[in-house]
1. Note down all Cβ pairs under 7 Å where the first residue falls in segment 23-45 and is at negative phi and more than 9 Å from ligand 1 (Cβ to nearest atom), the second is of a type in the set (A, V, I, L, M) and in a loop (DSSP other than H, G, I, E, B), and they're at least six residues apart or on different chains.
2. Is it the case, given these coordinates, that Val171 is modelled with pLDDT of 95 or more, of a type in the set (A, V, I, L, M, F, W, C), out of contact with any strand residue (DSSP E or B) (no Cβ under 9 Å at 6 or more places or on another chain) and crowded, with 16+ Cβ neighbours inside 10 Å?
3. For segment 53-62, state whether one or more residues are within 14 Å of ligand 1 (Cβ to nearest atom), surrounded by fewer than 24 Cβ atoms within 10 Å (Cβ to Cβ) and touching a residue at least 24 places away in the same chain (Cβ under 8 Å).
4. Can you report the number of residues in segment 155-170 which are out of contact with any Lys or Arg (no Cβ under 6 Å at 6 or more places or on another chain) and either within 19 Å of Ala226 (Cα to Cα) or free of Cβ contacts under 8 Å to residues at least 24 places away in the same chain (or both)?
5. Inspect all residues belonging to segment 8-27 and state whether any of them is at pLDDT 95 or above and either farther than 19 Å from Gly119 by Cβ or hydrophobic (A, V, I, L, M, F, W, C) (or both).
6. How many residues does segment 156-207 contain that are of a type in the set (Ser, Thr, Tyr) and within 16 Å of ligand 2 (Cβ to nearest atom)?
7. Mind checking whether some residue in segment 146-164 is among the polar types (S, T, N, Q), at pLDDT 95 or above and in contact with a strand residue (DSSP E or B) (Cβ under 6 Å, 6 or more places away or on another chain)?
8. Tell me whether segment 27-48 contains one or more residues that are surrounded by fewer than 23 Cβ atoms within 10 Å (Cβ to Cβ), within 16 Å of ligand 2 (Cβ to nearest atom) and among the hydrophobic types (A, V, I, L, M, F, W, C).
Amino acid sequence: MLNFMKGSIFSRHQSAPPEDEKEPDVQVLAVWGSPGSGKTTISVRLAKYLADKKRNVVLLLCDMTAPMLPCICPPAELECERSLGSILAATHVTDTLIRQNCVTLKKMSHLTLIGMLKGENVFTYPAYTKELAAELVDHLRDIAPYVIVDCGSCIAHDILSAVALLEADTVLRLVNCDLKSVSYLSSQLPLLKDQKWDADKQYKAASDVKSNQAGEHIKQVLGSVAFQIPHSSELENLALEGNLLGELALKDSRPFRKEIEKISKEVFSV
Ligand SMILES: Nc1ncnc2c1ncn2[C@@H]1O[C@H](COP(=O)(O)OP(=O)(O)OP(=O)(O)O)[C@@H](O)[C@H]1O
Ligand SMILES: [Mg+2]
């Protein structure tokens, strides 16, 4: 039996959360999946899609190992430098605390970002509990009508991602078209089953993060997938420039843009 990290929400002997009677509308989407499967990329592009459609959206970037705030747009485009760590360091989360620690953008008024800053890591702030993480996810519902959480893959060691995954209204579960991804899922899914995670509240997506991957093959392994996310070289270049929020103008990127539109329509009806 695995010896989970102390404080992990996957540690044994804890009572099951109370069952919710009625299904809420989709407001919180957790994007989760195998390492390097494009979780951050898809989260950012979905958030941008909604913001471009003038929908207020909060993007919560959970990665504390490689903070993603410095990677999604040039630093000069951010209106302020504020950290997710300051929220998690509090004894309780309030709407005011979240608003004080959100990062806004000069040119995209509908998008709000929450994440760790460049140079920070999990030890920069005091340890936080799963209850606090749940409070954060809950309060984000007051902040914006659309909430996208870019979860980390390592859910046994990442309380915020694990809690977001369990609390989200819907999960977009990405998988790379390779065997490592399949191995990751068969290793990690039992952790969620132990937590009575509702596996029906997810959309499976196969992601072509490399241009030579065969999305068709993964279907044979995973069964049906709701979305198949095409590769975009232009997007790859934007990522290299640290501008994931940049514009995708080339014709080659059209299949990717179409799929983001499809996901948004299906998940958020936008
Ligand atoms: N559809 C795509 N087309 C082209 N490149 C992509 C696509 N999706 C992701 N990538 C590239 O694949 C790499 C991994 O993407 P990303 O960082 O979004 O994955 P992740 O799942 O968030 O990774 P991690 O597990 O490290 O958090 C990046 O270099 C990104 O630019
Ligand atoms: Mg990521």
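The values are calculated or read from the model by the stated rules, or taken from the named source; none is laboratory data. Remember, predicted model here, so these are calculated numbers, not experimental data. Here Cβ is always computed from backbone atoms with ideal geometry, including for glycine, and neighbour counts include all displayed protein chains.
1. What qualifies is Val28/Ala168; Leu29/Ala168; Ala30/Ala168.
2. Against the criterion (modelled with pLDDT of 95 or more, of a type in the set (A, V, I, L, M, F, W, C), out of contact with any strand residue (DSSP E or B) (no Cβ under 9 Å at 6 or more places or on another chain) and crowded, with 16+ Cβ neighbours inside 10 Å), Val171 does not qualify.
3. Looking for residues that are within 14 Å of ligand 1 (Cβ to nearest atom), surrounded by fewer than 24 Cβ atoms within 10 Å (Cβ to Cβ) and touching a residue at least 24 places away in the same chain (Cβ under 8 Å), one finds none in segment 53-62, hence no.
4. 3
5. So far as segment 8-27 goes, yes, one or more of its residues are at pLDDT 95 or above and either farther than 19 Å from Gly119 by Cβ or hydrophobic (A, V, I, L, M, F, W, C) (or both).
6. So the count comes out to 4.
7. Within segment 146-164 (the criterion being among the polar types (S, T, N, Q), at pLDDT 95 or above and in contact with a strand residue (DSSP E or B) (Cβ under 6 Å, 6 or more places away or on another chain)), the answer is no, since none of the residues qualifies.
8. no
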